[in-house]
1. For region 40-50, indicate whether the set of residues that are more than 13 Å from the ligand (Cβ to nearest atom), at pLDDT 95 or above and open to solvent by less than 10 Å² (accessible area, probe 1.4 Å) is non-empty.
2. Test residue 156 against the criterion of being surrounded by fewer than 17 Cβ atoms within 10 Å (Cβ to Cβ) and within 22 Å of residue 79 (Cα to Cα), and give yes or no.
3. Residue by residue through region 208-236, note down the ones that are assigned to a loop (DSSP other than H, G, I, E, B), over 23 Å from residue 53 (Cα atoms) and among the aliphatic types (A, V, I, L, M).
4. Just to be sure, is residue 53 β-branched (Val, Ile, Thr), within 16 Å of the ligand (Cβ to nearest atom), open to solvent by 10 Å² or more (accessible area, probe 1.4 Å) and within 15 Å of residue 261 (Cβ to Cβ)?
5. I'd like the full set of residues that are part of a loop (DSSP other than H, G, I, E, B) and open to solvent by 40 Å² or more (accessible area, probe 1.4 Å), limited to region 112-150.
6. For residues in region 1-18 being open to solvent by 60 Å² or more (accessible area, probe 1.4 Å) and within 18 Å of the chain's Cα centre (by Cα), which is farthest from the ligand (Cβ to nearest atom)?
7. Can you tell which of 77, 56 is aliphatic (A, V, I, L, M) and in a strand (DSSP E or B)?
8. Please verify whether residue 66 is part of a helix (DSSP H, G or I), within 13 Å of the ligand (Cβ to nearest atom) and open to solvent by less than 30 Å² (accessible area, probe 1.4 Å), treating the condition exactly as stated.
Amino acid sequence: MAILMCRPDYFGVEYEINPWMHIQNEVDHDRAEEQWNALFDAYQQLGLDVELVEPVRGNPDMPFTANAAVVRAGKAVVSRFRHPERQSEEPFWRAALTDLGYRLSQTPEGLSFEGAGDALFVGDRLFAGYGFRTDRETHAIVGEALDVEVVSLQLVDPRFYHLDTCLCPLGPETVMFAPGAFAPASARAIRKLVPHVIEVPLRLAEGFVCNAITVGDQVLSSVGVERVEGSLEREGFSGRGLPMTEFIKAGGGVRCLSLVLD
Ligand code: ARG
């Protein structure tokens, strides 16, 4: 497994495009670097390949590589961001993914699609979120481009504006998710389609506990993951909480900082 990351050299909260972001809530830059390095080191220790994309000044959200694209079998559907504040990242992601050898495609202009922030594989199915950042119309287009079945899920709570803030695939048949962040029919669809589900209350999801990456049986997540440890253990996983305070100020955690490559 390989992960794409981007150092937080120019990271900051310089605009407000989700309810977590408050310009006056200043990022502690040294601490952000420490937190990012701890995640980077954890991946290295687990034996993952970490690819790095060069950060670009003036793009303070670039460390959130999950939003670059969704990838599968050598193909990448690159993002079109909802907010103009992040649209300047798009050419850099296209270049980085081309350099990594992916064949690129894009959703039509005028529709937004925010990559793996809103598109997560659970086994061979792509779970895709809509409601805040990604337009539902893109789901079928992404499914076709990657030749996979797509399940559209409606997000209803603005704090959980990307699917990866409230749902995490733990294995091909297991997810943890916060039902309260989904329209009732979407929460039902998840329970019906996935054999093993761990349900996380919103107050824990608020700590970005669902914004996690699983490596084998280890779930790398934010501090707070210990509060779902019992449920994780029952499914054969164990959680590891990393401090993410600085990135949470921008509305992101472990998974947002990590694009899973294949
Ligand atoms: N500030 C970023 C934004 O609002 C955070 C992105 C978090 N990424 C994620 N995959 N949820 O776009």
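1. Yes, that holds for at least one residue.
2. Here the answer is yes, as residue 156 does meet what is asked.
3. 209, 223
4. The answer is yes for residue 53.
5. Of everything in region 112-150, those that are part of a loop (DSSP other than H, G, I, E, B) and open to solvent by 40 Å² or more (accessible area, probe 1.4 Å) turn out to be 124, 131, 132, 136, 147, 149.
6. Taking region 1-18 as the starting set, the residues that turn out to be open to solvent by 60 Å² or more (accessible area, probe 1.4 Å) are 1, 7, 9-10, 14, 16.
Now drop any that are not within 18 Å of the chain's Cα centre (by Cα), which leaves 1, 7.
On the way: 1: 18, 7: 16 Å.
Per the criteria, the residue is 1.
7. Checking each option against the conditions leaves just 77.
8. Yes, satisfied.
The values are calculated or read from the model by the stated rules, or taken from the named source; none is laboratory data. In this text the structure is predicted, and so the values were computed from the model without any measurement. FYI the Cβ positions are ideal-geometry reconstructions off the backbone, even for glycines, and counts take in every protein chain you see. Heads up: the accessible areas ignore ligands, DNA and RNA and are worked out on the full protein's heavy atoms, side chains in. Shrake-Rupley method; radii C 1.70, N 1.55, O 1.52, S 1.80 Å.
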